[in-house]
1. If packing is taken as the average count of other Cβ atoms within 10 Å, what order do A:97-108, A:115-126 fall into, highest mean first?
2. Using packing as a proxy for protection, rank A:325-337, B:85-97 so that the peptide with the highest average count of other Cβ atoms within 10 Å comes first.
3. By count of other Cβ within 10 Å, fewest leading, how are A:307, A:374 ordered?
4. Under a Cβ-Cβ cut-off of 13 Å, what is the net charge of the residues other than residue A:113 that fall near it, where Lys and Arg count +1 and Asp and Glu count -1?
5. Suppose every K and R has +1 on its Cβ and every D and E has -1 on its Cβ; what is the size of the dipole of the protein assembly as shown about the Cα centre, in Debye to the nearest 20?
6. Tilt of helix B:5-28 relative to the longest C-alpha principal axis of chain B, in degrees (0 to 90, nearest 10)?
7. Tell me, what is the percent relative contact order of chain A, built from C-alpha pairs under 8 Å that lie six or more residues apart?
8. With θ set to phi - 60° and the Karplus curve 6.51 cos²θ - 1.76 cosθ + 1.60, what are the ³J(HN,Hα) couplings of the range B:75-91 in order, to the nearest whole Hz, using x for Gly and Pro?
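Read the figures in this text as sums done on the coordinates, not as results from a lab. Just so it is clear, the structure is predicted and the values come from calculations on it, not from any experiment. Here the Cβ positions follow ideal geometry from the backbone for every residue, glycine too, while neighbour counts run over all protein chains shown.
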Amino acid sequence: MPFAQQLWQAMLRDLPLISGPLTLFFAATIMLWPGDLLLPSNKKHIWAPITLGVLAVSAALVANTANGSGFSSMFQVDGFTRGFQLLCTAAAFITVVLSQPQLNALQEQTVEYYALILFSLGGMQLLVGATDLVSVYFSVELMALCIYILVAYLRTQERSIEAGVKYFLLGAFSSGILLYGISLLFAAGGGVTTNLLQLNQKLALATHNNSLLVFAGVLMVLVGFAFKVAAVPFHMWSPDAYEGAPTPITAYLSMAPKAAALAAFLRVFGTGLASVHSDWSAPLGFIAAASMILGNVAALRQQSIKRMLAYSSIAHVGYMLLGVLSKDPLGGARAVWLYLLTYLLMQSGAFAVIIHLQGTGEGERLDDFRGLARRRPMLAFAMMVFMLSLAGIPPLLGFFSKFYLFMLAIQQGQYLLTTIALLTSAVAATYYLGVVNLMYFKEPTGVQLPRLGTALALTVGCTCGLVLVGTCFGPWLLDWAQTITWF
Amino acid sequence: MSHYAPILLVFLMASAIPAVVWYLSRLIRPNLPNAIKCSSYECGITTTTEAREKLSIRYYLVAVMFLVFDVETVFLMPWAIQMKELALFGLVEIGVFLFLLLLGYGYIWSKGALDWE
């Protein structure tokens, strides 16, 4: 039967491309049912090591997937896909490790928590390889729907539910705008394709006849993506969601979905809308500048460390949008990838410290850091390293990636935006150093801190070490970034 | 764009009719409000409590269960119409789809959504 043979060949060709996400979906489904039925209710903490194992298997599969395009050119595996997939997987891995103290303390170990992380990660892994506006949209939705629930995971706390509902409503709204933009672009391209490469050619021809339609479509897609990466003026949900979510999920929010959404941003605007660059470069430049300025200035006045980090992550997205703006999309993608890699290390380390200070979920005010240097010298030192690195102070790793990104922007001739970025980086140093000031030059409040658990100690130690010495491995890092390619 | 003009015309007409009727009736009607007239439901049973009440979580679970089978039907219908053309490929695809839905159903069941008491 020739048809069965065709089907079989298509499956052999296409399915290996998504072996990483498939592993995640399969494992998560089995874990939910019938896995959860078989496990007694006092043994739920076993799901954590199982999830870590699944993540490791998925990462190994992702790293070894060969280049190729499949599913009617809806999904593509290349260096770009692999690089960002591994970044997201690493973020999920760290999140599961960081979740343990809080989940154990609150006795909230459930299979759903881990399954939702796996499902959302699967969405992200599909998103970074999506080469069609339709597959971009459904991957974004798969990722976001799981994260809405994770934000509202502590369902007995009103704050957590409030954050989840806010995030859900704004996220659903932005998805609508994104979808409308996609449909307008589909129409502007002649109503024949949503494939990024083909759409790019169609739009290049269409700009003369249908310039308003193209412009409206591009703007709406831009707004949809700006919502997803939380760039000003579409950032309103982010501080509330960050503050209300369980702290490990806040760490997850600031690393994984951001990396995946930026990857999709880079691919959609770098390959699909490259021919209409003039339509979106000015609005995107405005969004980037506004994110840098408002993110950094608003972070100055925050009393909660989670809100402060939320605003600071808005500012970091502003910097990374410089890479998206680049006229050489691949160079921009490399710089953004490197930036996200270092950002992942700094954020996960800083959140590990915060989670330790929090204990059971309360007390995340900046004042909790008072005199930490006297109570826990090593922990305070690590936190200082993360803060200085986030501020971009040499010779720490944060400086290296920031330098690389700004360098690229200068080479592209974006002098105004780079100047704003440099000036706002100086503003950012104020609030990062404020934390250091609190830790080293203020009297401790006298609360006795418990010992650091093994998992947290390992996370803090590894990330702190890498941030400290990472710059020495700069050439290797740059070589590594060169593997980010697409075709 | 010109062949969308009738839609615009219908839209304008549809907006104009209620607006005209509303303002016309405001001009000519007498205005004598009283307590009963101003209540939400002028006739029928007297309202006792507010409409916003807590609903049992079971309705939500039933809605989720309904969704599982609803989505199933939404996909089964077009497949059934095109069954001959899709042939074996379609059969395999719909089989995979039904199997995945079954897993979801199993999950809801194991969570006790079917235990009413």
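1. Going by the mean number of other Cβ atoms within 10 Å, highest first, we get A:115-126, A:97-108.
2. Result, highest mean Cβ count within 10 Å first: A:325-337, B:85-97.
3. Ascending number of Cβ neighbours within 10 Å: A:374, A:307.
4. -1
5. With Lys and Arg at +1 and Asp and Glu at -1, about 1040 debye.
6. Its long axis makes an angle of about 40 degrees.
7. RCO, chain A: 15 percent.
8. Using θ = phi - 60°, the values come out as 8, 5, 4, x, 5, 5, 5, 9, 4, 5, 5, 6, 6, 5, 4, x, 5 Hz.
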